[in-house]
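The values are calculated or read from the model by the stated rules, or taken from the named source; none is laboratory data. Given the structure is predicted, the values throughout are model-derived calculations rather than measurements. Heads up, the Cβs are rebuilt from the backbone with ideal geometry, glycines too, and the neighbour counts pull from every protein chain shown.
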Amino acid sequence: MHLSRSLKVLLCGSLLFNVGSISYAADIESSDQPVAFSSDNLTYDEINQIVTAQGAVEFVQGNRIVRATEISYNLQKDIVKASGEVVLVEENGDVHFSHALEFEKDMSDGFVHGLKSLLVDGSRFTAEEGERENGTKLTMRKATYTPCEMCEGGEGIPAWQIKAREVVHDKETKTISYEDATFELFGTPVAYTPYFSHPDGTVKKKSGFLPPSFSAGSNLGFGVTSQYYWDIAPSLDATIGARVYSSEAPLLLGEMRKLYENSSVELSAGITRSGRNGIDKDEEYRGHLFGEGLWDINEKWRAGIDIEYASDDQYMRQYDITTEDVLESALFLERFSGRDYAAVRALSFQDIRVGDRKADQPTIFPEIEANFMGAPNALLGGRWETSFSSLGVVRDGSGQDSYRVTADVGWQKRHITDFGLVNTLDLSLRGDGYASNDIQLGQEDDDRDARAFPTAHFVTQYPVSKPLRDTTTAVIEPIVSLTARTNISENSAIPNEDSQDVQIDASNLFEADRFPGYDRVEDKARITYGVRTGLYEEDGSKLETFIGQSYRLSEDEGVFPNGSGLENQSSDVVGEISLDYQQDYTLDYRFQFGSDDFNSKRHELDARASFWRFDVNTTYLYAEALEGTEITDNREQINMNIRTRLTEDWFFRSGALYDFGEDEGLRKALFGLEYQGQCMSLSALMQRNLTREEAGENSTEFFVTIGLKNLGQFEGGK
């Protein structure tokens with residue numbers, strides 16, 4: 001039987017043709033899923049029960065679609081054959097192109113010739129032939145795989161691809177495996193492996209060896225890092241491995257992550273046996289342990305623990321684990337409820353700086369704080385706030401122990417006049433109680449003291465804006481504040497644990513108390529004044545400036561330390577200039593000048609510029625020596641990094657850190673190449689550190705990082 005007209009055929013228990021007023025039906029074996037044809041011409045062989053469609057043919061079964069110039073369907077054997085420009089669209093969105101294919105068992109098994117596949121994640125396969133089993137496993141021979149986009153009509157050379165004698169894509173295990181595989185980079189073979197496998201891009205985690213990393217450095221020599229990722233359960237995984245060096249013993253590494261219904265735990269550790277650079281070459285066991293745990297008890301309460309530990313002060317930098325100076329471990333309990341917050345903590349610190357850079361690091365136990373805040377306008381048109389804190393500083397017999405209890409109650413009201421004057425009044429009353437002892441000085445009994453003081457802090461500001469043109473607005477805002485406290489005589493029994501580092505700047509100039517902690521109090525009365533200005537564009541560009549100063553109404557009595565900018569009756573002049581032009585040029589400059597002779601005290605600059613092919617980042621610091629402190633030299637450094645776009649995907653990086661201080665010289669220099677493509681990234685960076693050898697930082701380092709889509713990241717350093 002032959003029908004020549006655009007028609008549709010539905011096969012499901014019977015064969016039905018509808019062409020105008022002509023219809024034909026034939027009984028067939030029931031199929032699990034209905035099959036639909038759409039074609040220009042269709043021929044039905046009643047004897048062999050083969051339906052052949054020609055022209056613009058579309059064959060649909062379930063959610064799978066086959067398009068071709070010719071498709072035949074054997075009803076008895078349930079076999080589909082397609083030829084011509086064949087396109088198969090899978091249920092998940094994968095698309096396969098081929099010269100010819102043959103399927104059976106509801107299109108779950110079959111063969112394909114001249115295959116090209118585009119997966120939903122953008123990956124591509126090619127193969128001379130392929131075989132499909134159970135709808136989930138595709139075995140391809142003389143095949144290639146790449147996640148890279150193609151150019152030149154799909155016939156170009158990808159950034160990278162894998163060629164193999166056989167490639168198997170298993171959708172059940174979500175893996176792609178290769179036999180006799182060659183890795184090609186920009187069309188050039190660079191590596192060979194008899195067997196290789198990786199996730200197919202649809203899975204976030206899977207057990208297997210992670211890509212290795214390679215390193216070369218003057219301290220550790222050549223190194224290779226290999227790790228195995230173990231997907232133990234949906235809520236539990238681990239990573240174990242080692243860094244093997246040519247000049248030192250291996251560093252064993254391990255990580256574990258566990259997720260519970262309302263909590264999580266993460267641990268990482270390393271251990272080795274080696275000597276210390278520039279200090280002691282005798283080998284000893286060295287290592288680190290990091291850990292985090294968090295428990296969401298309910299909607300308001302949570303508890304947690306943080307662990308940071310290193311065996312010695314040089315280990316972390318020598319093995320490139322972290323650049324932190326001080327490690328912090330904590331145990332805490334927190335409560336959140338609306339505007340209220342409470343917490344109890346225990347803290348310990350480990351100073352891992354080398355030699356004389358170390359500082360006293362006591363244990364904090366306990367630290368308690370609670371803050372409660374009322375709603376706006378809830379009390380006399382303002383908002384009330386009260387807080388409580390307690391702190392214990394313990395030195396285990398090596399110095400002074402101290403304990404502090406603080407309670408504070410306050411009220412704030414904000415009012416804006418009809419002509420735009422913004423007034424804010426803060427009233428508070430605070431009380432402190434202290435107990436301390438110092439066994440080293442023979443003071444074994446507690447030395448106790450207490451104090452209480454009220455505070456009135458009034459700030460008034462008058463912002464005025466004016467359009468300069470259609471897209472620009474200018475703003476000027478004078479600010480004045482008056483702060484008053486009772487006279488507080490400092491007692492030697494009150495230690496200074498949290499208010500030693502005092503520095504005036506534009507961010508804290510108008511605070512009621514410029515001390516960062518509780519132990520020292522800025523008393524009596526002062527006036528603070530300044531002015532903010534700004535130019536604002538509709539495209540987001542802006543230029544903002546601020547300059548200000550404060551003046552104490554009584555003579556200086558040595559409340560603040562030298563170098564703070566507040567040691568004189570008139571404070572130093574501080575200010576800030578910020579620029580953001582279309583997000584391509586940004587600048588933040590902070591300055592401090594002396595109150596008497598306007599001499600330079602401190603300058604800080606952070607600047608970034610993006611223009612033509614360049615991205616430039618610069619930081620600069622100048623800080624004057626602090627008389628009467630351990631900082632006896634001026635500090636001045638500049639750090640600049642430049643990223644140059646060579647082509648659309650290739651970049652050159654360079655940078656340097658230079659010290660202009662007493663021991664002037666280059667501290668760090670680096671240069672390297674980067675490639676940022678659609679399916680891969682590549683960087684090679686050489687860095688020279690010129691610091692003290694005993695700190696573990698004086699070295700020449702070479703970093704190589706290769707990131708491949710769906711394969712992971714190959715990296716190395718130091």
Legend entry - Positions within the stretch 516-527 being not in a loop (DSSP other than H, G, I, E, B) and not basic (K, R), in sequence order: A525, I527
Inset, instruction - Give the residues of the stretch 199-229 that are crowded, with 16+ Cβ neighbours inside 10 Å, at pLDDT 85 or above and under 29 Å from T136 (Cβ atoms), sorted by residue number. - result: Y229
Legend entry - Pairs with Cβ under 9 Å, 6+ apart, first in the stretch 220-242 and within 11 Å of K205 (Cβ to Cβ) and in contact (Cβ under 8 Å) with a residue 24 or more places away in the chain, second assigned to a strand (DSSP E or B) and β-branched (V, I, T): Y229/T239; Y229/I240
Inset, instruction - Kindly indicate whether M640 is over 26 Å from Q161 (Cβ atoms) and surrounded by 14 or more Cβ atoms within 10 Å (Cβ to Cβ). - result: yes
Inset, instruction - Scan the stretch 464-486 and report the pairs whose first residue is assigned by TED's automatic domain parsing to the domain that holds F453 and β-branched (V, I, T) and whose second residue is at pLDDT below 95 and exposed (fewer than 12 other Cβ atoms within 10 Å of the Cβ), with Cβ atoms within less than 7 Å and a gap of 6+ or a chain change. - result: T471/E538; T473/P467
Legend entry - One residue from V574, V531 being touching a Pro at 6+ places or on another chain (Cβ under 7 Å), more than 30 Å from L391 (Cα to Cα) and not in a loop (DSSP other than H, G, I, E, B): V531
Legend entry - Only one of I47, I65 that is out of contact with any Gly (no Cβ under 7 Å at 6 or more places or on another chain) and outside any strand (DSSP E or B): I47
Legend entry - Verdict on D572 being exposed (fewer than 15 other Cβ atoms within 10 Å of the Cβ) and among the acidic types (D, E): no
Legend entry - strands (runs of 3 or more DSSP E) (entirely within the stretch 149-240) containing at least 1 residues that are of a type in the set (V, I, T) and more than 29 Å from the chain's Cα centre (by Cα): 160-170, 175-185, 188-199
Legend entry - Flag for K77 being basic (K, R) and either within 20 Å of R141 (Cα to Cα) or crowded, with 16+ Cβ neighbours inside 10 Å (or both): no
Legend entry - Condition check for R317: assigned to a helix (DSSP H, G or I) and surrounded by 15 or more Cβ atoms within 10 Å (Cβ to Cβ): yes
Inset, instruction - Those residues that are buried (at least 16 other Cβ atoms within 10 Å of the Cβ) and more than 30 Å from the chain's Cα centre (by Cα), I need them from the stretch 499-510; list them, please. - result: S499, V502, I504, L509, F510
Legend entry - From the options D597, D513, residue that is modelled with pLDDT of 90 or more and in a loop (DSSP other than H, G, I, E, B): D513
Inset, instruction - Determine the pairs where a residue that is in the same structural domain as I494 (by TED's automatic domain parsing) and small (G, A, S), located within the stretch 425-450, has a partner that is modelled with pLDDT of 60 or more and not in a strand (DSSP E or B) with Cβ atoms under 8 Å apart, the partner being 6 or more residues away or on another chain. - result: S428/A512; S436/A493; S436/I494; S436/P495
Inset, instruction - Determine, yes or no, whether D408 is in a strand (DSSP E or B), of a type in the set (D, E, K, R) and under 20 Å from D523 (Cβ atoms). - result: yes
Inset, instruction - Please work out if V480 is in contact with an Asp or Glu (Cβ under 9 Å, 6 or more places away or on another chain) and modelled with pLDDT of 95 or more. - result: no
Legend entry - Per-region count, the stretch 631-659, residues at pLDDT 90 or above, outside any strand (DSSP E or B) and of a type outside the set (S, T, Y): 1
Legend entry - Leading residue by the ranking (farthest from Y551 (Cα to Cα)) among those in the stretch 449-477 that are modelled with pLDDT of 95 or more and in a loop (DSSP other than H, G, I, E, B): P463
Inset, instruction - Out of the residues in the stretch 250-272 that are surrounded by 14 or more Cβ atoms within 10 Å (Cβ to Cβ) and more than 23 Å from the chain's Cα centre (by Cα), state the one that is nearest to K204 (Cα to Cα). - result: L252
